[in-house]
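**Q** Sharing a structure here in structure tokens format.
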Amino acid sequence: MTDLTRLTAAETAAKIASGELTAVAVAEAHLARIEAVDEKVHAFLHVDREGALAQARAVDEKRARGEKLGPLAGVPLALKDVFTTEGIPTTCGSKILEGWIPPYDATLTKRLKEADVVVLGKTNMDEFAMGSSTENSAYGPTGNPWDLTRIPGGSGGGSSASLASFQAPLAIGTDTGGSIRQPAAVTGTVGVKPTYGGVSRFGLVAFSSSLDQGGPCARTVLDAALLHEVIAGHDPLDSTSIDAPVPPVVEAALGGDVRGMRIGVVKEFAGEGYQAGVMQRFSESVELLRELGAEVTEISCPSFDKALAAYYLIAPSECSSNLARFDGLRYGLRTGDDGTRPAEDVTSLTRAEGFGPEVKRRIMLGTYALSSGYYDAYYGSAQKVRTLIKRDFEKAFEQVDVLVSPTTPTTAFPIGERVDDPMAMYLADLCTIPSNLAGNAAMSLPCGLAPEDGLPVGLQIIAPAMKDDRLYKVGAAVEAAFTARWGHPLLEEAPSL
Ligand code: GLN
């Protein structure tokens, strides 16, 4: 019998729709896989066995009644624990939300349910999505299925690890500075940060509201496109949601082709700090794009060098304001409420106990950067850099259709290596951050294993805002050519757990 956890989402959906498989059998296979391996991987913070089986049963009943099923009906999914889920704990990887059960679903959660996607549970993440390794989770780290002593990326390491360990064929991440793309790169999976405003943020617990964006994670480009289509589209509950048709991502994924496309290699994303094997795989991918008929040129984006500095002022500033709501009175943890203490004291005791060191560091940094007297020097300057980065992209996209770069400078690093060195940790997002600052769309997809350590390398594709379909068109072409030539790294070479 075929192992149901090895199928793609598209294959699974087709087999359920045709009656060859039941959604319940598919859900059970994945729940059994979680039971077998997640003690080692620790991708999930919460597994909703009963809820998943009930959703799966509903799909099978729908089919039995002859009702039409959606393109992902019955397909299991792992949801990052930063989206609210009615009746199911939502912690954001933080102790401060331990025990909180949201009274409502995020718009994204609702859309998944409406599409009959089977939500298996909630995945581990860096606390409030701050980090690049999932080591900032208050609930312990997640292992990279390729090598459990290494990080699965972050902040969405639980989602990427669930895919790479075949616990789920689909997952959801959020990308504020790279938290979908970097985990995808280091686990040999596909992750897409849609155009800012393309996927609703209603019910996505805010870290940095002008940067946060939910998006699809999967093992293939087509699966990511199918999920993208389900979660994207206008939402009146999110004031920054774009009121325009969703770019034709599935059509693009089905028609992968780069012939005649103009592709720009970002000049600034190379040099010191980039692992040799990462650059080697990246150069081979560029060569492949050329062979497939793309016109490749080098493009300079001089302001990208300042993106990291600008990001680490803007994101903490917004976070210091967004996280003010965790006051010990409204949600989750409450410390020191003995009936005599004033509310302010309870709030500070709760925040002292409930937030981890990285979150505290950022709240302090952000509060400082926003304080009067420093606002112009720090936050104001960072916003100006943001404008320069946007202009670099605008200029680049006058010359090319998409940009490409490595997704991350290195492959997965060992757990513990950077945890006490925030600057080293921040460097993991060097290549991903400019797209968040500019609000455009970007994807990471596997482009082989680095020769020196045998670990996955990610290729990043960047497209202009609302041209998300270009990511899928190029991504699908690369994936097909790559697999034909060298095989698929995750499907063929991933070590068994
Ligand atoms: N690693 C980056 C940070 O720590 C990005 C996180 C994210 O995209 N959520 O802020």
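**Q** If you scan region 299-338, which residues turn out to be part of a loop (DSSP other than H, G, I, E, B), open to solvent by 20 Å² or more (accessible area, probe 1.4 Å) and closer than 30 Å to Arg391 by Cβ?
**A** Ser300
**Q** While we're on this one: Among the residues of region 119-129, write down those that are more than 15 Å from the ligand (Cβ to nearest atom) and either β-branched (Val, Ile, Thr) or touching a helix residue (DSSP H, G or I) at 6+ places or on another chain (Cβ under 7 Å) (or both).
**A** Going through region 119-129, the residues more than 15 Å from the ligand (Cβ to nearest atom) turn out to be 119-122.
Matches in region 119-129: Val119, Leu120.
**Q** Could I ask something else about it? Exactly one condition in (1) within 16 Å of the ligand (Cβ to nearest atom); (2) part of a helix (DSSP H, G or I) is not met by Asp420; state its number.
**A** (2)
**Q** Follow-up. Given the criteria closer than 24 Å to Asp429 by Cα and in contact with a Cys (Cβ under 7 Å, 6 or more places away or on another chain), does Arg219 qualify?
**A** Numbers: closer than 24 Å to Asp429 by Cα: yes; in contact with a Cys (Cβ under 7 Å, 6 or more places away or on another chain): no.
Spelling it out, it is not the case that Arg219 is closer than 24 Å to Asp429 by Cα and in contact with a Cys (Cβ under 7 Å, 6 or more places away or on another chain).
**Q** Checking the structure you have, find out if any residue of region 438-448 is part of a loop (DSSP other than H, G, I, E, B) and within 18 Å of the chain's Cα centre (by Cα).
**A** The answer is yes; a qualifying residue exists.
**Q** Looking only at region 355-379, how many residues end up being part of a helix (DSSP H, G or I) and under 30 Å from Ser94 (Cα atoms)?
**A** So the answer is 16.
**Q** Would you be able to say whether some residue in region 260-273 is under 14 Å from Met466 (Cα atoms), surrounded by 16 or more Cβ atoms within 10 Å (Cβ to Cβ), modelled with pLDDT of 95 or more and of a type outside the set (Ser, Thr, Tyr)? I'd like the intermediate steps shown before the answer.
**A** Narrowing region 260-273 to residues under 14 Å from Met466 (Cα atoms): none.
No, the conditions are met nowhere in region 260-273.
**Q** Residue pairs, Cβ under 9 Å, 6 or more apart or interchain, first in region 94-110 and in a loop (DSSP other than H, G, I, E, B), second open to solvent by 40 Å² or more (accessible area, probe 1.4 Å) and of a type in the set (Asp, Glu). List them.
**A** Filtered contacts from region 94-110: Ile101/Glu86; Pro102/Glu86; Pro103/Glu86; Tyr104/Glu86; Asp105/Glu86.
**Q** Spot the failing condition for Thr90; the list is (1) of a type outside the set (Asp, Glu); (2) assigned to a loop (DSSP other than H, G, I, E, B); (3) open to solvent by 60 Å² or more (accessible area, probe 1.4 Å), and only one is missed.
**A** Only one criterion in (1) of a type outside the set (Asp, Glu); (2) assigned to a loop (DSSP other than H, G, I, E, B); (3) open to solvent by 60 Å² or more (accessible area, probe 1.4 Å) is unmet by Thr90, namely (3).
**Q** How many residues are free of Cβ contacts under 8 Å to residues at least 12 places away in the same chain and in a helix (DSSP H, G or I) if we restrict to region 61-74?
**A** In the first step, residues of region 61-74 are kept if they are free of Cβ contacts under 8 Å to residues at least 12 places away in the same chain; the result is 61, 64-68.
Filter once more, so that each one left must be in a helix (DSSP H, G or I): 61, 64.
Total satisfying the criteria: 2.
**Q** When the residues of region 75-87 are narrowed to those that are part of a loop (DSSP other than H, G, I, E, B) and open to solvent by less than 10 Å² (accessible area, probe 1.4 Å), which ends up farthest from Val41 (Cα to Cα)?
**A** Applying the filter and picking the extreme gives Thr84.
**Q** Could you check region 180-210 and list, in sequence order, the residues that are open to solvent by less than 10 Å² (accessible area, probe 1.4 Å) and of a type in the set (Val, Ile, Thr)?
**A** Ile180, Val186, Thr187, Thr189, Val190, Val192, Thr195, Val199 - these are the residues of region 180-210 that are open to solvent by less than 10 Å² (accessible area, probe 1.4 Å) and of a type in the set (Val, Ile, Thr).
**Q** Separate question: Answer yes or no as to whether Pro342 is in contact (Cβ under 8 Å) with a residue 12 or more places away in the chain and on the phi < 0 side of the Ramachandran plot.
**A** For Pro342, the condition - in contact (Cβ under 8 Å) with a residue 12 or more places away in the chain and on the phi < 0 side of the Ramachandran plot - is not met.
**Q** Name the residue that is farthest from Val82 (Cα to Cα), counting only residues in region 130-148 that are among the polar types (S, T, N, Q), more than 9 Å from the ligand (Cβ to nearest atom) and out of contact with any Lys or Arg (no Cβ under 6 Å at 6 or more places or on another chain).
**A** Thr142
**Q** Right, next: Can you tell me which residue within region 339-354, out of those that are part of a helix (DSSP H, G or I) and charged (D, E, K, R), is farthest from the ligand (Cβ to nearest atom)?
**A** This residue is Asp345.
**Q** Which of the residues that make up region 1-45 are part of a loop (DSSP other than H, G, I, E, B) and open to solvent by 70 Å² or more (accessible area, probe 1.4 Å)? Quick ask: steps written out before the conclusion?
**A** Residues of region 1-45 that are part of a loop (DSSP other than H, G, I, E, B), as a first pass: 1-3, 7-8, 19-22, 42-43.
The answer is Met1, Thr2, Asp3, Glu20.
**Q** While we're on this one: So which of Glu358, Glu398 ends up being within 30 Å of Tyr139 (Cα to Cα) and either in contact with a Pro (Cβ under 7 Å, 6 or more places away or on another chain) or acidic (Asp, Glu) (or both)?
**A** Result of the check over Glu358, Glu398: Glu358.
**Q** Select from region 387-417 the residues that are in a loop (DSSP other than H, G, I, E, B), among the polar types (S, T, N, Q) and either open to solvent by less than 20 Å² (accessible area, probe 1.4 Å) or within 20 Å of Tyr472 (Cβ to Cβ) (or both) and list them in ascending order.
**A** If the condition is that a residue be in a loop (DSSP other than H, G, I, E, B), among the polar types (S, T, N, Q) and either open to solvent by less than 20 Å² (accessible area, probe 1.4 Å) or within 20 Å of Tyr472 (Cβ to Cβ) (or both), then Thr407, Thr408, Thr411 are the ones that fit.
The values are calculated or read from the model by the stated rules, or taken from the named source; none is laboratory data. The structure displayed is predicted, hence computed values, not measured ones. Note: ideal-geometry Cβ built from the backbone for every residue, glycine included; neighbour counts use all protein chains shown. For the accessible areas, the whole protein counts, side chains as well, though only heavy atoms, and no ligand, DNA or RNA atoms are used. Shrake-Rupley method; radii C 1.70, N 1.55, O 1.52, S 1.80 Å.
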